[in-house]
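Trainee: Dropping the structure in here first, questions after.
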2 protein chains.
Amino acid sequence: TEGAPTHKYSQGSALGGVNPDLASERQTPSFSVEKLTALLDGGEENTRIRRAVVEAIESDPVFSRENQYFQSQNEKYEAAVRKAVHLQKKMHEMGWTENGPEFKYIYRALSGEVAFLLHTVFMRSISVLGSDKQITKWIPLATQYQLIGSYAQTELGHGTYLQGLETTAVFDIATQEFILNTPKISAMKWWPGDMGRSATHAVVFAQLDIQGKCYGVHPFIVQIRSLWDHSLCPGITAGDIGPKMNFDHIDNGYLMLQNVRVPRENMLSKFCEVQPDGTYVRRGSQQINYFTMTALRVALISHEAVIPLMKACTIAIRYSVVRRQSKLKPGEEEAKILDFQTQQEKLLPHVAAAYAFHFINNYLEDLFNRGYEEIQRENFDMLPELHAFSSGFKAMVTQYCASAVEACLRACGGHGYSLLSGLPSLCTRILASCIYEGENTILFLQTARFLIKCFMAASAGHPVPPSVTYLAAVKPGKCPAKNKFDFLSPDTYTEAYQHAAVRLISSTAAKLQDLIQSGVKKHDAWNECTVQLVQAVKAHCHYITVKNFAETVERLETKGGIQRIMKHLCDLFALHGIFSNAGVFLHDGYISGAQMDMVTASYLDLLAVIRKDAVPLVDAFDFTDKTLNSALGSYDGQVYQRLYEWAQKSPTNTQMNPAYERYLKPLLHKKLSKL
Amino acid sequence: TEGAPTHKYSQGSALGGVNPDLASERQTPSFSVEKLTALLDGGEENTRIRRAVVEAIESDPVFSRENQYFQSQNEKYEAAVRKAVHLQKKMHEMGWTENGPEFKYIYRALSGEVAFLLHTVFMRSISVLGSDKQITKWIPLATQYQLIGSYAQTELGHGTYLQGLETTAVFDIATQEFILNTPKISAMKWWPGDMGRSATHAVVFAQLDIQGKCYGVHPFIVQIRSLWDHSLCPGITAGDIGPKMNFDHIDNGYLMLQNVRVPRENMLSKFCEVQPDGTYVRRGSQQINYFTMTALRVALISHEAVIPLMKACTIAIRYSVVRRQSKLKPGEEEAKILDFQTQQEKLLPHVAAAYAFHFINNYLEDLFNRGYEEIQRENFDMLPELHAFSSGFKAMVTQYCASAVEACLRACGGHGYSLLSGLPSLCTRILASCIYEGENTILFLQTARFLIKCFMAASAGHPVPPSVTYLAAVKPGKCPAKNKFDFLSPDTYTEAYQHAAVRLISSTAAKLQDLIQSGVKKHDAWNECTVQLVQAVKAHCHYITVKNFAETVERLETKGGIQRIMKHLCDLFALHGIFSNAGVFLHDGYISGAQMDMVTASYLDLLAVIRKDAVPLVDAFDFTDKTLNSALGSYDGQVYQRLYEWAQKSPTNTQMNPAYERYLKPLLHKKLSKL
């Protein structure tokens, strides 16, 4: 019943070909998998380049991820440094450059398990915040790793609120130096990556003090370790912050400074400078710098949220057609678990979400590219909207994807809980994306400020940015759907989402105004509305995502069945959102209880439809077995064999039993060998 | 501003007394913390005993959990075996017995980090399923650890569906032995605890075959390792299944059997026996055995779900009054993060839930004690109801608590993500409780069968068990609340929950009947209703939990402010459930949109009320610092000092940098030591 592995991406293990239960799922896809992959990549040429990069990386043993589930924190760190250093050689050897088309696929091919990401941030901060002279001095050294940099902003007691940073940099006119200090423990730098064990330098953010006057937070280049023997420099205390839920490969560090002196030239001075006599000079606009930070949030959506979700879906869907449990029909063999409605409901909406978020990510990238062009023309009008977009979508997408990856893990039962499934590491890693680069709740509230402002402006008849013009068009009305099929119309559900978003934003804006008018102070009133504001922002982002998915489907070519299957997924994503957030739509009767029953019926119908294409839909994500690194998710579906094979390599099996001689033997050996 | 540590439970580190921000939270609790602790313990005497057990365990260095966040899987396993072996001595030394009042507190005091739990299951299965002769032979040996047992039921390809097990046991009349075999890889035993590296014996479940006829799954005692040198017995392949998301301390194992012979006497034969001539005899009722499995699910609710949630709440609440971030009011210092409404909303409902689940757990324990008495009188009438209770509540409580613990982790931002916070290990461990002892979705559907059956019976006027008589009293009606204060009436919200549960159960029963009447086959119809059935069961369990909380509050003494604060928590738990599942209540207009706004207003008001007592409410859980093992959650709130102190002990700091000599030095050392 079993053939040889048929796919170039299979690990090629001698495990006996493709599992027939998985093979049968691939026999009659309703669409062309290859075409869908090309769509996701943005064209066949990109697919070709991506595959070539993956092939080059995966065929190089230095980049191997074998045994990673058995490694200690120290071993993972060492491997990440090894890969980072080797990558430079590899790029040179392959002719890949930072501006070449291959570059963006390298991080994906390495699954992000590589050191010196903060070194990159170090370099970028110098490029953006440094003077030409500073760039000329530092960038070439950093590029060749002749020094290793980190970016020390966050402190033990201070995260998001930058003004609260406590590290000080006092200018000493006599010596033309800044004297940096960590005045108390909460001011210790804490979390910067690459700083715990690798970095020789760091861009350190500190409160600038000139002759007793504080000028706010500024960046300084500080050497922390010797380039000669890597010992800590005088006045420096630094180390690793210890074990985390994931990111073992990164040496997140701490740093304390005690009267550390750096020359005046080490303050990054593109936007402000301290002159020899202590005069503080500010120049130019920092707005492009805000744009850089904002763009970073968008950049992580794909790598740290959407791709991990795609991987988790691939693993869980493939496993769910190999795993059989309980009988669905009396007398038959045990059923594939994906044939249970509950399992479909646990997984298929997340497959749809992975596509939805892929398309919204494309939309955001386009938007930011346009934004960048405007900003280069010194037009900063789009900045508030871009900031709102990046904050809201970073928060919404990472939050959804983190929950969804965990749902995939749970849906795989006991085997999902084994590290060998690959799901736990996806799960613990994506959780961090909800916290870093802006904690999600704080980001939601950033977007909320924008939305409330725009709503007020729109209500007063003022012009607002294009993404929120819908706020001006508040229509009461009811949903016109008459039967369950009406809910498969994108206009119907997109309008429902729009209505819900407008209602939540307008009602919270009204509450805010009522509170202020009743005498509550502005900041207290804001705080009292924040739970509802977060709800409103989520509804707004959900609406934009659904609308963008529907518009994307509209534009797709009808060939190869792509448009049809994407339409199903768009419907599923939209109806899943209504089904799961029913209260939002029922609240003012826009959707009635009877209509909600229609939504439910259409939603459950769709599960059965999409079920047939479940495996081709995740195959189209086109992950290699080495990328997935999952005993449950491999292309050939040889789940049990692989679990067994991999388990045998575990140190719990390859090392002596550490408890036997000391604890067990004294108890057991008094008896005969056989009872 | 800082005094000496004031509490006997503080770790007594020389970190500088209680953090003043935390100390101030304890100054004016609205209730007596000590009285609340006694209530949770079920009386002051229990509190005294529990504290004595905790003290005895924690003062013994063999049970130390220091450095656990730095340990490898092998080290954790070794520590767990060491503790299990030492525990026997300790119990003897302290005069603790298995039937004594101290016993139930030992596992809690060890935080469950101890080996040989499956050894206990091994013994219990012999006690329940074995003949008197078997009990006499095996139990004394096991009690003294002269052998170590495991319980081998689950297979690589088979979990919940026991009939699907593939391991075979063929009776050989000639030798009076059973011959056990693993016919294929999916039949390999997989997951049994204590089996990977410790066990010498296992109760193995296999399909009994006598002269070619299959008699179904039966338990056999099989020796797997030598008592003399711990080597694997002939025909046995066994080992550890490798790394997991947590439970590193347990050697979950695999087991393959190849013509392994055990004597006829090794089939556990209380309920059925194979006679020497191959005659199969069944005797007695196995119903008490079902009761045992059912009771196990209830037993885990407290230890594996509610207590972990209480710990997570304690850590997150204490940290949230120490951590300050951003200004709530202009000109003031940065605010405690618990003063932000969003942070209150993230945490306080979970504190309320911890109390709600503690009380429902008490209710279930009482119910099961009564059930046990009835069953001993050979009255099995309560069994279906008990099974439904244990399945539904195990699933509902573990699912809620797993999400809530994760919410606590996320609410602590970056520092919550450090293993040193204690939250990641709580989070990854509790996730497993959603899977083991019955995967939650399957359990929900078990309860669904019971509810649908009872609903049909009630509709037809037949008598039903007491917990579901409410299904017979379907009243259409509307919620009578007129303002937000009306929603602080337990009658009002309990009725809303009851209405919602009845509506969901009755509408799903109707859908099921409609499908069957329209010609869909019964099992297909059931499958098509399962997503909604799960919703219905959740609503049922939620209703019972709210009702029980309200009734508990009713009975509390009014002294010491206990009843008042518990009433607030009950209100919060109930309104949080309505706020978060608004669609369920709005669907048929039982609660109108305007009333939902009242719910929201009352819910948000309550957050501000309970905020004041947040720290005393978690202090009442009465965890020692050693139990919490959290740098963020200690009684003295010295968060930053402890993070720094603990991080320095990490192997990433105590061991040489593994990457420096090999990878970094060749790059860096070409330059001067100082740039």
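The values are calculated or read from the model by the stated rules, or taken from the named source; none is laboratory data. Fair warning: this is a prediction, and the values are worked out from it, not measured in the lab. A quick note on method: Cβ atoms are made from the backbone with ideal geometry, for glycine too, and the neighbour counts reach across all protein chains shown. Note: accessible area is taken over every heavy atom of the protein model, side chains too, but ligands, DNA and RNA are not part of it. Shrake-Rupley method; radii C 1.70, N 1.55, O 1.52, S 1.80 Å.
Trainee: Which members of region B:511-525 meet the condition of being small (Gly, Ala, Ser) and within 13 Å of another protein chain (Cβ to nearest Cβ)?
Mentor: First, the residues of region B:511-525 that are small (Gly, Ala, Ser): B:518-519, B:525.
Of everything in region B:511-525, just one residue is small (Gly, Ala, Ser) and within 13 Å of another protein chain (Cβ to nearest Cβ), namely B:525.
Trainee: Just name the residue that is least open to solvent (accessible area, probe 1.4 Å) out of those in region A:434-451 that are outside any helix (DSSP H, G or I) and farther than 26 Å from residue B:429 by Cα.
Mentor: By that ranking, first place goes to A:438.
Trainee: Same structure again: Of (1) over 18 Å from residue A:80 (Cα atoms); (2) within 12 Å of chain B (Cβ to nearest Cβ); (3) in a strand (DSSP E or B), residue A:209 satisfies all except one. Which?
Mentor: (2)
Trainee: Which residues, taken from region B:321-367, are without any contact (Cβ under 8 Å) to a residue 60 or more places away in the chain, in contact with a Leu (Cβ under 9 Å, 6 or more places away or on another chain), surrounded by 20 or more Cβ atoms within 10 Å (Cβ to Cβ) and within 14 Å of chain A (Cβ to nearest Cβ)?
Mentor: Scanning region B:321-367 gives a single hit, B:340.
Trainee: Go through region A:61-86 and give me each residue that's more than 8 Å from chain B (Cβ to nearest Cβ) and open to solvent by 20 Å² or more (accessible area, probe 1.4 Å).
Mentor: A:61, A:62, A:64, A:65, A:66, A:67, A:68, A:71, A:76, A:86
Trainee: Continuing with the same structure: Residue check: is residue B:522 farther than 23 Å from residue B:460 by Cα and among the charged types (D, E, K, R)?
Mentor: Values: farther than 23 Å from residue B:460 by Cα: no; among the charged types (D, E, K, R): yes.
So residue B:522 does not fit the description; no.
Trainee: Of all residues in region B:622-639 being open to solvent by less than 30 Å² (accessible area, probe 1.4 Å) and outside any loop (DSSP other than H, G, I, E, B), which is nearest to the other protein chains (Cβ to nearest Cβ)? First the steps, then the outcome.
Mentor: Start the filter on region B:622-639 by keeping residues that are open to solvent by less than 30 Å² (accessible area, probe 1.4 Å), which leaves B:622-625, B:627-639.
If we keep only those that are outside any loop (DSSP other than H, G, I, E, B) as well, we get B:625, B:627-628, B:639.
On the way: B:625: 18, B:627: 20, B:628: 17, B:639: 9 Å.
So, considering only residues that are open to solvent by less than 30 Å² (accessible area, probe 1.4 Å) and outside any loop (DSSP other than H, G, I, E, B), the one nearest to the other protein chains (Cβ to nearest Cβ) is B:639.
Trainee: Is it the case, given these coordinates, that residue B:499 is under 19 Å from residue A:329 (Cβ atoms) and in the same structural domain as residue B:441 (by the TED database)?
Mentor: Numbers: under 19 Å from residue A:329 (Cβ atoms): no; in the same structural domain as residue B:441 (by the TED database): yes.
In short, no.
Trainee: Consider residue A:531 carefully, then state whether it is under 22 Å from residue A:443 (Cβ atoms), in contact (Cβ under 8 Å) with a residue 12 or more places away in the chain and not aromatic (Phe, Trp, Tyr). Spell out the reasoning first.
Mentor: Working: under 22 Å from residue A:443 (Cβ atoms): yes; in contact (Cβ under 8 Å) with a residue 12 or more places away in the chain: no; not aromatic (Phe, Trp, Tyr): yes.
Against the criterion (under 22 Å from residue A:443 (Cβ atoms), in contact (Cβ under 8 Å) with a residue 12 or more places away in the chain and not aromatic (Phe, Trp, Tyr)), residue A:531 does not qualify.
Trainee: On the given criteria, is residue B:211 surrounded by fewer than 16 Cβ atoms within 10 Å (Cβ to Cβ) and outside the structural domain of residue B:310 (by the TED database)?
Mentor: Working: surrounded by fewer than 16 Cβ atoms within 10 Å (Cβ to Cβ): yes; outside the structural domain of residue B:310 (by the TED database): yes.
So residue B:211 passes the test.
Trainee: For a quick check of your reading of the model, give me the residue pairs whose first member lies in region B:573-602 and is over 22 Å from residue B:404 (Cα atoms), whose second is β-branched (Val, Ile, Thr), with beta-carbon atoms closer than 8 Å and at least 6 apart or on different chains.
Mentor: B:585/B:578; B:585/B:591; B:591/B:578; B:591/B:599; B:596/B:578
Trainee: I'm told residue B:502 meets every condition in (1) surrounded by fewer than 21 Cβ atoms within 10 Å (Cβ to Cβ); (2) more than 10 Å from chain A (Cβ to nearest Cβ) except one. Can you identify the failing condition by its number?
Mentor: (1)
Trainee: Residues A:388, A:353: which one is farther than 15 Å from residue A:548 by Cβ and either in the same structural domain as residue A:433 (by the TED database) or among the aromatic types (Phe, Trp, Tyr) (or both)? So that I can check it myself, show each step before the final result.
Mentor: Values: A:353 fails: farther than 15 Å from residue A:548 by Cβ.
Within the list A:388, A:353, the selection yields A:388.
Trainee: Looking at (1) within 17 Å of residue A:301 (Cβ to Cβ); (2) open to solvent by less than 50 Å² (accessible area, probe 1.4 Å), which is the one condition that is false for residue A:471?
Mentor: That leaves (1) as the condition not met.
Trainee: While we're looking at this one, here's another question. Just to be sure, is residue A:398 in contact with a Cys (Cβ under 9 Å, 6 or more places away or on another chain), more than 8 Å from every other protein chain (Cβ to nearest Cβ) and either surrounded by 24 or more Cβ atoms within 10 Å (Cβ to Cβ) or not aromatic (Phe, Trp, Tyr) (or both)?
Mentor: Values: in contact with a Cys (Cβ under 9 Å, 6 or more places away or on another chain): yes; more than 8 Å from every other protein chain (Cβ to nearest Cβ): yes; either surrounded by 24 or more Cβ atoms within 10 Å (Cβ to Cβ) or not aromatic (Phe, Trp, Tyr) (or both): yes.
For residue A:398, the condition - in contact with a Cys (Cβ under 9 Å, 6 or more places away or on another chain), more than 8 Å from every other protein chain (Cβ to nearest Cβ) and either surrounded by 24 or more Cβ atoms within 10 Å (Cβ to Cβ) or not aromatic (Phe, Trp, Tyr) (or both) - is met.
Trainee: So, of the residues in region A:242-299 that are touching a Gly at 6+ places or on another chain (Cβ under 6 Å) and β-branched (Val, Ile, Thr), which turns out to be farthest from residue A:368 (Cα to Cα)?
Mentor: That would be A:260.
Trainee: Return yes when residue B:620 is closer than 22 Å to residue B:324 by Cα and among the hydrophobic types (A, V, I, L, M, F, W, C) and no when it is not.
Mentor: On the way: closer than 22 Å to residue B:324 by Cα: no; among the hydrophobic types (A, V, I, L, M, F, W, C): yes.
Taking the combined requirement at face value, the residue does not satisfy it.
Trainee: Here's something else I'd like to know. Does residue A:17 satisfy being at pLDDT below 95 and open to solvent by less than 20 Å² (accessible area, probe 1.4 Å)? Reasoning before the result, please.
Mentor: Details: at pLDDT below 95: yes; open to solvent by less than 20 Å² (accessible area, probe 1.4 Å): yes.
Yes: the conditions hold for residue A:17.
Trainee: Identify, from the list A:345, A:378, A:373, A:385, the residue that is assigned to a loop (DSSP other than H, G, I, E, B) and either over 20 Å from the mean Cα position of the chain (by Cα) or among the hydroxyl-bearing types (Ser, Thr, Tyr) (or both).
Mentor: Working: A:345 fails: assigned to a loop (DSSP other than H, G, I, E, B); A:373 fails: assigned to a loop (DSSP other than H, G, I, E, B); A:385 fails: assigned to a loop (DSSP other than H, G, I, E, B).
When all the criteria are applied, what remains is A:378.
Trainee: Against the definition (open to solvent by less than 10 Å² (accessible area, probe 1.4 Å), within 12 Å of chain B (Cβ to nearest Cβ) and touching a residue at least 60 places away in the same chain (Cβ under 8 Å)), how does residue A:607 come out, yes or no? Can you show your working first?
Mentor: On the way: open to solvent by less than 10 Å² (accessible area, probe 1.4 Å): yes; within 12 Å of chain B (Cβ to nearest Cβ): yes; touching a residue at least 60 places away in the same chain (Cβ under 8 Å): yes.
When the stated conditions are applied, residue A:607 passes them.
Trainee: Now, a different point. Quickly run through region B:557-582 and pick out the residues that are open to solvent by 10 Å² or more (accessible area, probe 1.4 Å) and closer than 27 Å to residue A:593 by Cβ.
Mentor: The answer is B:576, B:579, B:580, B:581, B:582.
Trainee: Please determine whether any residue of region B:419-433 is open to solvent by less than 10 Å² (accessible area, probe 1.4 Å), within 19 Å of residue A:157 (Cβ to Cβ), of a type in the set (Ser, Thr, Tyr) and facing chain A (nearest Cβ under 7 Å).
Mentor: no
Trainee: For region A:20-32, which positions are open to solvent by less than 40 Å² (accessible area, probe 1.4 Å) and part of a helix (DSSP H, G or I)?
Mentor: A:21, A:22, A:23, A:25 - these are the residues of region A:20-32 that are open to solvent by less than 40 Å² (accessible area, probe 1.4 Å) and part of a helix (DSSP H, G or I).
Trainee: Taking the stated definitions as given, is residue B:50 more than 18 Å from residue B:94 (Cβ to Cβ) and touching a residue at least 40 places away in the same chain (Cβ under 8 Å)?
Mentor: Working: more than 18 Å from residue B:94 (Cβ to Cβ): no; touching a residue at least 40 places away in the same chain (Cβ under 8 Å): yes.
For residue B:50, the condition - more than 18 Å from residue B:94 (Cβ to Cβ) and touching a residue at least 40 places away in the same chain (Cβ under 8 Å) - is not met.
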